[in-house]
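To start, the structure under review is shown below, and the notes come after it.
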Amino acid sequence: MTTNSYERSVCIAVATAIFAAFAPLAISPACRAAEQPATLLAKMTFDAPDDSRAWTEEKKQGDASSEISIDPGNRHSGASALKFRITADIAGERDIFTGVKLSDKITGPGRHLRVRLFSRTAGGPSGDVSFRILERGPSGVIGWLGNKADFIKIDAVDKWIAYEAQDNLSENTTGLTLELAISHANANRTVWIDDLSVEEIPG
């Protein structure tokens, strides 16, 4: 064997060994799953004056105990934030909600939902503000995401705080209702939310 042939054989052997060592990593199902990007279902920055119209207040006609608006004076980023204010003392609960449709690109079991938002509050005690997610399917309501009526508890802090939570989606979930709730609050209890994102993650 000539010197050139020998060197070529050594190079081929080394290359084969390297490929054999790293090929399993390249085709690992776990790696492939990790590479699948999240699907952004909703991104709410509340920068437009009419962005509050997507949210509905759950209260009886003529009830003026709460109000929802876009507030340019208090924001985490951008031009403004969503403001939810209690205008009169309440014994029960007031909430606002909006809907989100799930992507038809991700189906079946093993799906996860991740929610990120920024919030600040004023004029109330800790523990009275919750962010909830209701799962819906073709036959109607399925239940609270993760069986949690309080998916994210909002702290009573008058500064912007980042929140993030995720949980498994039911196999038949096709849509979501996002809900911000204030319970047993006094007048002027106020909550702001901003930079809200909802992502669906493959299992």
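The values are calculated or read from the model by the stated rules, or taken from the named source; none is laboratory data. All values reported here derive from a predicted model rather than from experimental measurement. Please note: Cβ atoms are built from the backbone with ideal geometry, for glycine as well, and neighbour counts cover all protein chains shown.
A few comments on the model shown:
- The set of residues from the stretch 107-136 being of a type outside the set (Gly, Ala, Ser), assigned to a loop (DSSP other than H, G, I, E, B) and without any contact (Cβ under 8 Å) to a residue 60 or more places away in the chain comprises 107, 125.
- Top-ranked residue of the stretch 175-203 - restricted to ones that are charged (D, E, K, R) and over 11 Å from residue 122 (Cα atoms), ranked as surrounded by the most Cβ atoms within 10 Å (Cβ to Cβ): 194
- If you go through the stretch 154-167 and keep only what is surrounded by 15 or more Cβ atoms within 10 Å (Cβ to Cβ) and within 17 Å of residue 114 (Cβ to Cβ), you end up with 163, 165, 166, 167.
- Checking each residue in the stretch 137-155 for being in a loop (DSSP other than H, G, I, E, B), of a type in the set (D, E, K, R) and modelled with pLDDT of 90 or more picks out only 155.
- Restricting 158, 167, 194 to residues that are in a strand (DSSP E or B), more than 21 Å from residue 102 (Cβ to Cβ) and modelled with pLDDT of 90 or more narrows the list to 194.
- A count restricted to the stretch 85-127 and to residues that are among the hydrophobic types (A, V, I, L, M, F, W, C), over 22 Å from residue 40 (Cα atoms) and at pLDDT 95 or above stands at 0.
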